[in-house]
1. Please compute the Cα-Cα pair-distance distribution of the range 45-86 with 5 Å bins starting at 0, giving whole percents from short to long.
2. Between their Cα atoms, which of K82/K128; K94/K120; K82/K126; K46/K120; K63/K94 are more than 30 Å away from each other?
3. Send over the semi-axes of the range 38-139's equivalent ellipsoid, whole angstrom and largest first, taken as the square roots of 5 times the C-alpha gyration tensor eigenvalues.
4. Starting at the first residue of the range 67-84, write each ³J(HN,Hα) from the Karplus equation 6.51 cos²θ - 1.76 cosθ + 1.60 with θ = phi - 60°, in whole Hz, x for Gly and Pro.
Amino acid sequence: MSRFARRTSRLFPALLVVFLFAAVSLSAAVPQEKHAPQVAGVDNTKMGAYRALAQVIYRDFQKGDLATAATLARVLERLWDKAEDYGGDAALSKTNRALFDEIDKAMDQFVAPLIESKTKAPDPAKVKAAFNTFLEKLSLAD
């Protein structure tokens, strides 16, 4: 073995230790994102159930199960509308109408192409963008 190869073989473990130490230090320095407590994967927040249902819908869409995604999209739409109609004084539609309208519009943009998927296959990029927007808007109301 050449002299260079021997030096390199001794240097590699030292560099590996330095790299691992740096990686651990950086991960400890990065603030951790706060997560709401969950039960069975559903956030215990005001919008947690809507978020969980949207995630199931999107997962079914990604798997190609358009029939289930469409059915659940309609369920989401009905649940949202009924909860807001009959949610009493605590309903978002009564406490923050502007935010309710933002979320409602984002939800409609997410579910409409899925519900209509029997006549026309939705564009995956548009569904993904609408899904992400809906989740962002929901997080504003938690």
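1. 6, 25, 29, 21, 12, 6, 1
2. On the way: K82/K128 25 Å; K94/K120 36 Å; K82/K126 26 Å; K46/K120 33 Å; K63/K94 37 Å.
Going by Cα-Cα distance, K94/K120; K46/K120; K63/K94 fall outside the 30 Å limit.
3. For the range 38-139, the semi-axes come out at 23, 15, 12 Å.
4. 5, 5, 4, 5, 4, 5, 5, 5, 4, 4, 4, 5, 4, 4, 4, 5, 5, 7
Only the coordinates and a few stated rules stand behind these numbers; no lab work does. Quick caveat, the model's predicted, so the values are computed rather than measured.
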